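Worksheet: the structure to be examined is printed underneath.
The values are calculated or read from the model by the stated rules, or taken from the named source; none is laboratory data. Note that the structure is predicted; figures quoted are calculated from it, not measured. As a convention, Cβ positions derive from the backbone with ideal geometry for all residues, glycine included, and neighbour counts pool all protein chains shown.
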Amino acid sequence: MKPSLAGYCTDDVQWTFAGDRVLSGKDEIRGYMADTYKIPPKFDVEYMIGEGDYVTAVGTISLLEENRWLEYDYCDVWRFENGLMAELKAFVIRK
């Protein structure tokens with residue numbers, strides 16, 4: 001069986017969505033993923049930049065909301081610890 005996304009996160013993982021919410025711990029991440037991504041989103045990664053413990057991804061994400069796909073621009077900044085995702089700071093703007 002494939003591990004869930006939370007399996008690739010530290011126990012004290014924190015996701016910050018700028019101007020929106022902060023999720024702390026694997027249980028909150030699992031709940032958010034189950035509620036937000038009932039239908040898998042469509043990602044288009046334009047580019048990624050990695051340096052040290054950080055990876056930044058820039059692109060677009062499409063989410064199915066009320067029977068239509070809505071597009072957003074995003075910039076995700078990930079911090080890793082021991083090969084696991086420890087922190088996300090996400091900037092998401094609707095197109």
Checklist line | Of all residues making up the range 28-67, the number that are in contact (Cβ under 8 Å) with a residue 12 or more places away in the chain, loosely packed, with under 12 Cβ neighbours inside 10 Å and part of a helix (DSSP H, G or I) | finding: 1
Next item on the list: Determine whether the range 75-87 contains at least one residue that is modelled with pLDDT under 95, assigned to a strand (DSSP E or B) and more than 11 Å from the chain's Cα centre (by Cα).
Entry: no
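Given the criterion of a type in the set (Ser, Thr, Tyr) and either more than 23 Å from Asp11 (Cα to Cα) or touching a helix residue (DSSP H, G or I) at 6+ places or on another chain (Cβ under 6 Å) (or both), identify the matching residue among Tyr74, Tyr37, Tyr54, Tyr32. Working first, answer last.
Values: Tyr37 fails: either more than 23 Å from Asp11 (Cα to Cα) or touching a helix residue (DSSP H, G or I) at 6+ places or on another chain (Cβ under 6 Å) (or both); Tyr54 fails: either more than 23 Å from Asp11 (Cα to Cα) or touching a helix residue (DSSP H, G or I) at 6+ places or on another chain (Cβ under 6 Å) (or both); Tyr32 fails: either more than 23 Å from Asp11 (Cα to Cα) or touching a helix residue (DSSP H, G or I) at 6+ places or on another chain (Cβ under 6 Å) (or both).
After applying the criteria, what remains is Tyr74.
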Notebook entry, point to check: In the range 55-79, how many residues are under 18 Å from Asp35 (Cβ atoms) and among the acidic types (Asp, Glu)?
Noted result: 2
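Quick one: which residue in Gly83, Gly25 is farther than 26 Å from Lys95 by Cα, of a type outside the set (Ser, Thr, Tyr), free of Cβ contacts under 8 Å to residues at least 60 places away in the same chain and in contact with a strand residue (DSSP E or B) (Cβ under 7 Å, 6 or more places away or on another chain)?
Details: Gly83 fails: in contact with a strand residue (DSSP E or B) (Cβ under 7 Å, 6 or more places away or on another chain).
One residue alone meets the criteria, Gly25.
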Item checked: Number of the condition not met by Tyr47 [criteria: (1) under 20 Å from Leu5 (Cα atoms); (2) under 16 Å from the mean Cα position of the chain (by Cα)] -> (1)
